[in-house]
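Below is one structure, written out as structure tokens; comments come after it.
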Amino acid sequence: MTRKPTPARRGAGITERSGNAGELHQEVPRGAGHADGRAHLTDNFGHRVSDNQNSLRAGERGPTLLEDFVLREKIFHFDHERIPERIVHARGSGAHGTFECTKAIPELTKASIFQKKGKRCEAFVRFSTVAGGAGSVDTPRDVRGFAVKLYTDSGNWDLVGNNVPVFFIQDAMKFPDLVHSVKMEADRGYPQAASAHDTFWDFVSLMPESMHTVMWAMSDRAIPRSLRMMEGFGVHSFRFVNARGEGRFVKFHWKPELGMESTTWDEAVKIAGGDPDFHRRDLYEAIAAGDFPAWKLGVQVFDEAFAARQPYDVLDATKLIPEEDVPVQFIGRLTLERNVSNFFAETEQAAFLPSNVIPGIDFTNDPLLQGRLFSYLDTQKSRLGTTNFHQLPINAPKCPFHNFQRDGMMQTQVPTGRANYEPNSLADAGEDGGPRACPETGFTSFSANAERNDAGQKLRMRAALFADHYSQPRLFYRSQTASEQAHIASALVFELSKVTIEAVRSRVLARLRNVDETLAQRVADGLAARLPPKAPAAKEPIDMKPSNALSIQKNAKKTFVGRKVAILFDEGSDKAGIDRLKRGIEQAGGRVALIAPKIGPLKLKGGTLRADGQLAGAPSVMFDAVASILAPERAAALAREAACVQWFMDAYGHCKTIAHCEGTKPILAKAGVEPDAGVVPVEALVKTGVSRHWAREAKVRALA
């Protein structure tokens, strides 16, 4: 039986009515002016749609008709909305920004962006995890991608790096094997976004070159607190080339102005359950609030003479150059100030190519880099479906670009004239003959073969210095604080405890003995395993001077800027005290989240207040520090709430500052919170700060 539709309701330029089955129709008002095409829903070819709720049927209960082109187009497009996700770095978050040259370096490079202090260009950055799929969580233990696209006036420059300065392999030939090993195991389809399984550790236990990056991956660098608090690295040695054709090696660094900070492993696991989008949300909300994250671009520049003196090969992507040996000089500043408008169109369709360099920046013979120069271009065709992916707005350069490439799938440009080849003489006939190469300003490769290489033979062979697989892992481990070393050992115990093949565990322990004997013993003890004989080393490791730059804790910034503090309150709390505390945190540069058992508004002493988050849904792992202002009677009631007790227990266990009022003490006692330098009266929060109190850690967990 046909139902009589409900009357139309007007509002905000649309009318609403219920259809025959009660479905909601939002429509352009009848009798309204129809000149504004933006108000009218159309299909992809501009045909206006009359009904966006129902398909065309043969009768109200009949079959759907094939002629319904609106339905077919809508379903067709939906079926193809998901392009193949990236094989690695599938889970990503992006933002737009600006890059500014802060120090001109024409003596080092002819790159246009570095010719004048204050020169600026637009930028886009995509952060990512490596192993997990697009729908995985933000906080696994993993290396993070740090890919930067600078839209310079000389073309796009893509610096496609990571948040660690080294990589697992030396030659691109092994990249498919590495990725296959760390991805979900082929027969069972799990684990997702995790390296703690047989195939990864089987692979790295057989690849001693991976041990340096394994150390970084087991460190706190692999569980960052925020994307805004990560360093970034170009990983490879590149070249600067100046206007005279002189070349020098260069390594690129991004240093976060907020400083580096990590989570604990327990915290990372709980964040994954509490907010799988934690890093993505954190970046988005910071930019939306005007707290624009920024990084300094630094470079380590060195010549061939320096490279030849080192006990490692500067073309080996598993090696770094200690900052004490070649200090980082800062030449630029990157600021992210605009969130994406459409995640798919921008973050997902962004295509980064290590081969995108500008005149003044060139490649080296790093065998991993050489393979990446092919791989990234090739994979974009698979992902984005066309060689014309460069025409997508997120990928298109901001400077003019002209060539004779034509046609192809999804061609969006409309070239005119006949000139699709050169040389041609069409200009002599009065036609547009098209662009031509420019030897003076065009990209020219560095011509000197100054990398101690004999190009007279074709070889499948690595240079001898690539054989030192353990000196730099040892350097990294011994550069950490005692707390950070314990975290590395504990991470190795956790990961290897998930490995079911005893021989694999034994091989890893044997390799760790080349890194550090005490580390190997700690891991063996954590597994209750016998320490096997030391693995033979292709080249005996040497002791390198520890580098403080490699430690997060040694470089921690004591600041509220970029941090978020949660204030727990409830009915009867002192509103004036909350306002005063909130004001102090914000004046120090921090952000505040008001948390209560109910969202409210709640009646307080001195007024009412609405919470930003509900206690059970806002665990303390989401915040950098916690505070409480509670009336004694409400505190007594909350002491019986598991969510509240856990809130304080986690904050204490994760070594965070806890600022409390007198009324909160019964909850703290129940949560096992003991007084220390980070458990302070609420009035002392701003003075104490939001730094981690690592001295507490031995009291709250057993570490390897």
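For (1) touching a Lys or Arg at 6+ places or on another chain (Cβ under 8 Å); (2) within 23 Å of Val250 (Cβ to Cβ), each residue gets a yes or a no:
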| position | (1), (2) |
| --- | --- |
| Thr387 | yes, no |
| Leu392 | no, no |
| Lys398 | no, no |
| Met410 | no, no |
| Gly430 | no, no |
| Gly442 | no, yes |
| Asn453 | no, yes |
| Asp468 | yes, yes |
Conditions (1) modelled with pLDDT under 95; (2) open to solvent by 70 Å² or more (accessible area, probe 1.4 Å); (3) in a loop (DSSP other than H, G, I, E, B); number of the one not met by Lys117: (1)
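Among the listed residues Gly234, Gly245, which satisfies the condition of being touching a residue at least 12 places away in the same chain (Cβ under 8 Å), open to solvent by 20 Å² or more (accessible area, probe 1.4 Å) and either under 29 Å from Ile394 (Cβ atoms) or not basic (Lys, Arg) (or both)? Before the answer, list the steps.
Working: Gly234 fails: open to solvent by 20 Å² or more (accessible area, probe 1.4 Å).
Criteria check complete, one pass: Gly245.
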Failed condition for Ile223, given (1) at pLDDT 95 or above; (2) open to solvent by 10 Å² or more (accessible area, probe 1.4 Å): (2)
Count of residues meeting criterion [closer than 28 Å to Ala305 by Cα and buried (at least 17 other Cβ atoms within 10 Å of the Cβ)] in region 428-445: 0
Some residue of region 312-333 being in contact with a strand residue (DSSP E or B) (Cβ under 6 Å, 6 or more places away or on another chain), of a type in the set (S, T, N, Q) and outside any strand (DSSP E or B): no
Hits in region 328-377 (condition: more than 17 Å from Phe240 (Cα to Cα), more than 18 Å from the chain's Cα centre (by Cα) and among the acidic types (Asp, Glu)): none
Per-region count, region 42-96, residues surrounded by fewer than 10 Cβ atoms within 10 Å (Cβ to Cβ) and in contact with a Phe, Trp or Tyr (Cβ under 8 Å, 6 or more places away or on another chain): 1
Identity of the residue in region 1-23, at pLDDT below 85 and in contact with a Lys or Arg (Cβ under 8 Å, 6 or more places away or on another chain), that ends up most open to solvent (accessible area, probe 1.4 Å): Arg9
Total residues in region 200-242, condition acidic (Asp, Glu) and within 14 Å of Val130 (Cβ to Cβ): 0
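May I ask you to say which residue of Arg418, Arg462, Arg406, Arg474 is open to solvent by 50 Å² or more (accessible area, probe 1.4 Å), of a type in the set (Lys, Arg) and either under 30 Å from Glu246 (Cα atoms) or in a helix (DSSP H, G or I) (or both)?
On the way: Arg418 fails: either under 30 Å from Glu246 (Cα atoms) or in a helix (DSSP H, G or I) (or both); Arg406 fails: either under 30 Å from Glu246 (Cα atoms) or in a helix (DSSP H, G or I) (or both); Arg474 fails: open to solvent by 50 Å² or more (accessible area, probe 1.4 Å).
Of Arg418, Arg462, Arg406, Arg474, the one residue that is open to solvent by 50 Å² or more (accessible area, probe 1.4 Å), of a type in the set (Lys, Arg) and either under 30 Å from Glu246 (Cα atoms) or in a helix (DSSP H, G or I) (or both) is Arg462.
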Failed criterion for Phe466 (all others in (1) touching a strand residue (DSSP E or B) at 6+ places or on another chain (Cβ under 6 Å); (2) within 27 Å of Asp202 (Cβ to Cβ); (3) of a type in the set (Phe, Trp, Tyr) hold): (1)
Residue within region 103-110 that is of a type in the set (D, E, K, R), more than 27 Å from Asp316 (Cα to Cα), touching a residue at least 40 places away in the same chain (Cβ under 8 Å) and in contact with a strand residue (DSSP E or B) (Cβ under 7 Å, 6 or more places away or on another chain) present: yes
Close pairs from region 185-206: first at positive phi and in a loop (DSSP other than H, G, I, E, B), partner open to solvent by 30 Å² or more (accessible area, probe 1.4 Å) and modelled with pLDDT of 95 or more, Cβ under 8 Å, at least 6 apart: Ala193/Val137
Residue ID - surrounded by the fewest Cβ atoms within 10 Å (Cβ to Cβ), chosen from residues in region 548-563 that are of a type in the set (A, V, I, L, M, F, W, C) and part of a helix (DSSP H, G or I): Ala549
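Which residues, counting only those in region 231-259, are hydrophobic (A, V, I, L, M, F, W, C), over 30 Å from Gly590 (Cβ atoms) and in a strand (DSSP E or B)?
So in region 231-259, the residues hydrophobic (A, V, I, L, M, F, W, C) come out as 233, 235, 238, 240-241, 243, 249-250, 252, 254, 258.
Next cut, over 30 Å from Gly590 (Cβ atoms) only: 235, 238, 240-241, 243, 249-250, 252.
Listed by number, the residues that qualify are Phe238, Phe240, Val241, Phe249, Val250, Phe252.
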One residue from Ile658, Ile599 being closer than 28 Å to Glu257 by Cα and not in a helix (DSSP H, G or I): Ile658
Of all residues in region 629-654 being part of a helix (DSSP H, G or I) and among the acidic types (Asp, Glu), the one that is nearest to Glu697 (Cα to Cα): Asp650
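A quick yes/no check of all residues on (1) on the phi < 0 side of the Ramachandran plot; (2) of a type in the set (Val, Ile, Thr):
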| position | (1), (2) |
| --- | --- |
| Lys534 | yes, no |
| Ala538 | yes, no |
| Pro546 | yes, no |
| Leu550 | yes, no |
| Gln553 | yes, no |
| Ala556 | yes, no |
| Gly562 | no, no |
| Ile567 | yes, yes |
| Gly572 | no, no |
Pair list, Cβ < 9 Å and 6+ apart or interchain, from region 404-432 residues that are more than 20 Å from Pro393 (Cβ to Cβ) to residues that are of a type in the set (Phe, Trp, Tyr) and open to solvent by 70 Å² or more (accessible area, probe 1.4 Å): Phe404/Tyr421
Any hit, region 85-96, residues being more than 30 Å from Ala222 (Cβ to Cβ) and in contact (Cβ under 8 Å) with a residue 12 or more places away in the chain: no
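Only one of Arg452, Arg383 is open to solvent by 40 Å² or more (accessible area, probe 1.4 Å) and either within 26 Å of the chain's Cα centre (by Cα) or over 25 Å from Lys149 (Cα atoms) (or both); which? Outline the logic, then answer.
Numbers: Arg383 fails: open to solvent by 40 Å² or more (accessible area, probe 1.4 Å).
One residue alone meets the criteria, Arg452.
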Tally, over region 501-542, of residues that are small (Gly, Ala, Ser), open to solvent by less than 70 Å² (accessible area, probe 1.4 Å) and farther than 15 Å from Pro208 by Cβ: 4
Of residues in region 608-628 being in a helix (DSSP H, G or I) and of a type in the set (Gly, Ala, Ser), the one farthest from the chain's Cα centre (by Cα): Ala616
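Among the listed residues Gln170, Gln192, identify the single one that is among the polar types (S, T, N, Q), open to solvent by 10 Å² or more (accessible area, probe 1.4 Å) and in contact with a Ser or Thr (Cβ under 7 Å, 6 or more places away or on another chain).
Values: Gln170 fails: open to solvent by 10 Å² or more (accessible area, probe 1.4 Å).
After applying the criteria, what remains is Gln192.
Confirm whether Val269 is part of a strand (DSSP E or B), at pLDDT 95 or above and not aromatic (Phe, Trp, Tyr).
Taking the combined requirement at face value, the residue does not satisfy it.
The values are calculated or read from the model by the stated rules, or taken from the named source; none is laboratory data. Note that the coordinates shown come from a computational prediction; the quantities given were computed from them, not determined experimentally. Don't worry about glycine lacking a Cβ; one is built from the backbone with ideal geometry, like all the others, and counts go over all protein chains shown. For accessibility, only protein heavy atoms count, side chains too; no ligands or nucleic acids. Shrake-Rupley method; radii C 1.70, N 1.55, O 1.52, S 1.80 Å.
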